[in-house]
Each structure stands twice: as C-alpha cells, then as structure tokens.
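Report on the structure given below.
The values are calculated or read from the model by the stated rules, or taken from the named source; none is laboratory data. Predicted model, so just to flag it, every value in this text is computed and none were measured. Every residue, glycine as well, gets a Cβ built from its backbone with ideal geometry; the counts of neighbours run over all protein chains shown.
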Amino acid sequence: MKSHMLAGAIVLIASTSALAEQNCGDLTDQTEMNVCSGKSYEKVDGELNKLYKQIEARLKDDADTTKLLVTAQRAWVAYRDAECGFSSSMVAQGTVYPFIHSSCLEGLTQNRIKDLKGYLSCEEGDMSCPVPAAGQ
C-alpha cells in the first residue's frame, strides 16, 4: 500500500505546474521548494488580481455584467481551491504538500490569467465577448 502511495506522490509531483518546477525544481531542500512555490503562486495571483481589476474598470458602467463577473470569479476561486485540495490530498500530511498545493494553485491561476487576458483583448464588435474593447 505504501509503495502505491509513494508512486502516486511521485506522479503527482511530476505532474505539477511546469512553471513552479522551472522556478523551484532546482532546489534540493523541501522547505526552500515549498517557500519558492508559494512565492511563485503569490506572483501569478497578483497578476490575476490586476487583470480582474482591469476588467472591472471596463465594466464600470454595466452593473449587470459586473455582477456576473463577480459571480464567475467567486465560482472559479471555489473550484480552484476545491480542485487543488483534492489533487494534493494524497500528500496532505507530508512535507511536500505545500509545494504540490501551491503548484496546483499556480497552474490553475495561469489558466485563468489566459482567460482574463482573452477578455481584455476582445476586438470591437465581438458579440461573444462580455468585456468591451479598450477605449469604449
């Protein structure tokens, strides 16, 4: 049973965010890796918040769409947190947990950043985009 858990943990570690591994994977001390991955996640979370505020600013005159944005973001945060809790559950009691959990948070946040950047780069007249083009 323990060998299956160890193998699963190795697979989970190997499948974590490539960005976290690039920034933190060369470290050899688990504590340093945990701190590094936490900082890496904080950085992308800051970028996410910046993009979110830009979208809010573009929607300032549209209360209904702003409300939908807030609802979507809250649902996304709940999903992110639940997914990362689940995906890192196998190592929840181990020293690698902070690294695995932060790497998951970072990877999902990177995906959300791509989505928000897409909303911010919609072309004028794009009816499938809920965010008006800059300058409208």
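Kindly evaluate Arg80 against the criterion of being of a type in the set (D, E, K, R) and closer than 30 Å to Gln30 by Cβ. Yes.
Return the residue satisfying two criteria in turn: it lies in region 99-114 and is among the charged types (D, E, K, R) and closer than 15 Å to Gly46 by Cβ, and of such residues it is nearest to the chain's Cα centre (by Cα). Looking at residues that are among the charged types (D, E, K, R) and closer than 15 Å to Gly46 by Cβ, I get Glu106. For Ser89, the test of being farther than 25 Å from Thr31 by Cβ and not aromatic (Phe, Trp, Tyr) is failed. Considering each residue of region 49-92, count those that are of a type in the set (Asp, Glu) and either at positive phi or over 11 Å from the mean Cα position of the chain (by Cα) (or both), and give that number. The qualifying residues number 4. Condition first: farther than 19 Å from Leu48 by Cβ, surrounded by 16 or more Cβ atoms within 10 Å (Cβ to Cβ) and polar (S, T, N, Q). Can you find one or more residues in region 99-118 that meet it? Within region 99-118, not a single residue is farther than 19 Å from Leu48 by Cβ, surrounded by 16 or more Cβ atoms within 10 Å (Cβ to Cβ) and polar (S, T, N, Q).
Based on this model, can you work out whether Gly46 counts as surrounded by fewer than 17 Cβ atoms within 10 Å (Cβ to Cβ) and over 21 Å from the mean Cα position of the chain (by Cα)?
For Gly46, the condition - surrounded by fewer than 17 Cβ atoms within 10 Å (Cβ to Cβ) and over 21 Å from the mean Cα position of the chain (by Cα) - is not met.
Does Leu105 satisfy the criteria of being under 24 Å from Gly135 (Cβ atoms), among the hydrophobic types (A, V, I, L, M, F, W, C) and part of a helix (DSSP H, G or I)? Spelling it out, it is not the case that Leu105 is under 24 Å from Gly135 (Cβ atoms), among the hydrophobic types (A, V, I, L, M, F, W, C) and part of a helix (DSSP H, G or I).
The residues of region 70-102 that are in a helix (DSSP H, G or I), in contact (Cβ under 8 Å) with a residue 40 or more places away in the chain and either farther than 21 Å from Met33 by Cα or among the hydrophobic types (A, V, I, L, M, F, W, C) (or both), listed by number, are Met90, Val91, Phe99, Ile100. Return yes or no: is Glu32 assigned to a helix (DSSP H, G or I), charged (D, E, K, R) and modelled with pLDDT of 50 or more? Answer is yes for this residue.
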